[in-house]
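Note sheet for the following structure.
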Amino acid sequence: MSRVSDWLSDAGFGAGWRLVRLLPAGMADSLFAAGGDIAAARGGAGVAQLRANLRRVVPQAGVRELDELTKKAMRSYARYWQEAFRLPSLDPERVAERFEAGVEGKENLDAALRDGNGAVLALPHSGNWDLAGVWVVQRYGTFTTVAERLKPESLYRRFLAYRESLGFEVLPLDGGARVLTSMKNRLRDNGIVCLLADRDLTSGGQPVTFFGERTRMPTGPAWLAARTGAALLPLTTWFTEDGWGLRIHPRIRVNDREEIASATQLLADVFAGDIASHPADWHMLQKLWLSDMDTERGRDLDTADAGDS
């Protein structure tokens, strides 16, 4: 990314957080929905990859149905950004009250915290995970998460300030052992760690089958649960016509390191079930499956599979 594109990216997000909150809600909804439609019609690289990803989720869809689903998914993605830009100006308690109307499975998180070993909430890139985070903060206190270090650094700092303003504790993904130690300490204090877990950013994730094809998913959630005794809880969120839905699934048991692989596959299975129920709200515009990636990563996966056998 050039310095000019870096500056434009940072300036664009900065303008979004300054200006979108000033618009009437209905106008913002219409503008972002139109933006999603325009992006879908232009069909850039991200939209093309989204369409390819959705084809795995809804393999029975014909060309027209897949085109319509991709359009709905881009509208959903635009809605995520519209809500993200407005969120810092809203009353977090009122946001949490509205959000809670669509929450299912809260008892699973309550039970985990009663056990006293903390909870790892693992979720896919669906719906509005920032709003889900606001609900967690308002109902349970702060939680800890990690964030990819975006470029330029000023853009990373902007997103860091945004999420910290919502009450999240955010650690850098590239922080190494120090970050892992911090998350373990939070869990041992009966805290909550939230991790996006449907896309491997390190090329060192666990091989899993997802919608019938091979990919990798991060082992961090299962690893933390195994090391600390925390409850591993899959969580998914999606949009409804006038609000949001969120489901906290029952605990996935992972008692030692030997169970990390199977627990990660179970996470993938739970994610797949909820994504299939709300495919338009899965915002995966990047390559995910190994068959879409370069041959070197495919060879790495074959080697890992051989070692597992």
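Can you pull out every residue in segment 182-218 that is in a helix (DSSP H, G or I) and not charged (D, E, K, R)?
Of all residues in segment 182-218, those in a helix (DSSP H, G or I) come to 182-188.
Matches in segment 182-218: SER182, MET183, ASN185, LEU187.
Test ARG98 against the stated conditions and say whether it is more than 22 Å from GLY273 (Cα to Cα), touching a residue at least 12 places away in the same chain (Cβ under 8 Å) and not hydrophobic (A, V, I, L, M, F, W, C). So that I can check it myself, show each step before the final result.
On the way: more than 22 Å from GLY273 (Cα to Cα): yes; touching a residue at least 12 places away in the same chain (Cβ under 8 Å): yes; not hydrophobic (A, V, I, L, M, F, W, C): yes.
The answer is yes for ARG98.
Any residue in segment 176-203 that is under 17 Å from LEU267 (Cα atoms) sitting within a Cβ distance under 7 Å of a residue that is basic (Lys, Arg) and buried (at least 17 other Cβ atoms within 10 Å of the Cβ)? List the pairs, counting only those 6 or more apart or interchain.
From segment 176-203, the pairs are VAL193/ARG186; ASP200/ARG216.
Quick one: GLY204 ticks every box in (1) farther than 29 Å from ASP91 by Cβ; (2) surrounded by 17 or more Cβ atoms within 10 Å (Cβ to Cβ); (3) not acidic (Asp, Glu) except a single one, so which number is it?
GLY204 satisfies all of (1) farther than 29 Å from ASP91 by Cβ; (2) surrounded by 17 or more Cβ atoms within 10 Å (Cβ to Cβ); (3) not acidic (Asp, Glu) except (2).
Got a number for residues in segment 138-165 being in contact with a helix residue (DSSP H, G or I) (Cβ under 8 Å, 6 or more places away or on another chain) and either without any contact (Cβ under 8 Å) to a residue 12 or more places away in the chain or of a type in the set (Val, Ile, Thr) (or both)?
4
Looking only at segment 198-256, count every residue that is closer than 19 Å to HIS278 by Cβ and of a type in the set (Ser, Thr, Tyr) and tell me the total.
3
Among the numbered criteria (1) among the charged types (D, E, K, R); (2) closer than 21 Å to GLN138 by Cα; (3) touching a Lys or Arg at 6+ places or on another chain (Cβ under 6 Å), which single criterion is violated by ARG163?
Of everything listed in (1) among the charged types (D, E, K, R); (2) closer than 21 Å to GLN138 by Cα; (3) touching a Lys or Arg at 6+ places or on another chain (Cβ under 6 Å), ARG163 misses just condition (3).
Checking ALA111 against (1) under 29 Å from VAL57 (Cα atoms); (2) surrounded by fewer than 16 Cβ atoms within 10 Å (Cβ to Cβ); (3) at pLDDT 95 or above, which single condition isn't satisfied?
(1)
If I filter segment 229-254 down to residues being out of contact with any helix residue (DSSP H, G or I) (no Cβ under 8 Å at 6 or more places or on another chain) and among the charged types (D, E, K, R), which single residue comes out as nearest to MET284 (Cα to Cα)?
GLU241
Can you give me the number of residues within segment 140-157 that are surrounded by fewer than 17 Cβ atoms within 10 Å (Cβ to Cβ), part of a helix (DSSP H, G or I) and not hydroxyl-bearing (Ser, Thr, Tyr)?
Looking only at that region, the number is 2.
Quick one: ASN255 ticks every box in (1) in contact (Cβ under 8 Å) with a residue 40 or more places away in the chain; (2) part of a loop (DSSP other than H, G, I, E, B) bar one, so which box is it?
The number of the failed condition is (1).
Can you find a residue that is touching a Pro at 6+ places or on another chain (Cβ under 9 Å), at negative phi and crowded, with 21+ Cβ neighbours inside 10 Å anywhere in segment 83-106?
The initial filter retains those residues of segment 83-106 that are touching a Pro at 6+ places or on another chain (Cβ under 9 Å), namely 105.
Restricting the remaining residues to those that are at negative phi gives none.
Within segment 83-106 (the criterion being touching a Pro at 6+ places or on another chain (Cβ under 9 Å), at negative phi and crowded, with 21+ Cβ neighbours inside 10 Å), the answer is no, since none of the residues qualifies.
Inspect segment 294-309 for any residue being modelled with pLDDT of 95 or more, polar (S, T, N, Q) and either out of contact with any Lys or Arg (no Cβ under 8 Å at 6 or more places or on another chain) or surrounded by fewer than 18 Cβ atoms within 10 Å (Cβ to Cβ) (or both) and give the result as yes or no.
No, because not a single residue in segment 294-309 is modelled with pLDDT of 95 or more, polar (S, T, N, Q) and either out of contact with any Lys or Arg (no Cβ under 8 Å at 6 or more places or on another chain) or surrounded by fewer than 18 Cβ atoms within 10 Å (Cβ to Cβ) (or both).
Looking at segment 20-58, which of its residues are in contact (Cβ under 8 Å) with a residue 60 or more places away in the chain and not β-branched (Val, Ile, Thr)?
Of the residues in segment 20-58, the ones in contact (Cβ under 8 Å) with a residue 60 or more places away in the chain are 20-21, 25, 46-47, 49-50, 52-54, 56-58.
Listed by number, the residues that qualify are ARG21, ALA25, GLY46, GLN49, LEU50, ALA52, ASN53, LEU54, ARG56.
Each row is one residue, and each column tells you yes or no for (1) over 16 Å from the mean Cα position of the chain (by Cα); (2) under 20 Å from GLY116 (Cα atoms).
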position: ARG163; (1), (2): no, no
position: GLY167; (1), (2): yes, no
position: LEU171; (1), (2): no, no
position: VAL179; (1), (2): yes, no
position: SER182; (1), (2): yes, yes
position: GLY191; (1), (2): yes, yes
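Here's the yes/no breakdown for (1) surrounded by fewer than 20 Cβ atoms within 10 Å (Cβ to Cβ); (2) among the aliphatic types (A, V, I, L, M); (3) closer than 25 Å to GLU83 by Cα:
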{"position": "ARG214", "(1), (2), (3)": "yes, no, no"}
{"position": "PRO218", "(1), (2), (3)": "no, no, no"}
{"position": "PRO221", "(1), (2), (3)": "no, no, no"}
{"position": "ARG227", "(1), (2), (3)": "yes, no, no"}
{"position": "PHE239", "(1), (2), (3)": "no, no, yes"}
{"position": "ILE252", "(1), (2), (3)": "no, yes, no"}
{"position": "ILE275", "(1), (2), (3)": "no, yes, yes"}
{"position": "ALA280", "(1), (2), (3)": "no, yes, yes"}
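Can you tell me which of ALA41, ALA11, ALA28 is at pLDDT 95 or above and not acidic (Asp, Glu)? Don't jump to the end; show me each part of the working.
On the way: ALA11 fails: at pLDDT 95 or above; ALA28 fails: at pLDDT 95 or above.
Checking each option against the conditions leaves just ALA41.
The values are calculated or read from the model by the stated rules, or taken from the named source; none is laboratory data. Predicted, not measured: the structure shown is a model, and the values here were computed from it. Positions of Cβ are backbone-derived with ideal geometry, glycine not excepted, and every protein chain shown enters the neighbour counts.
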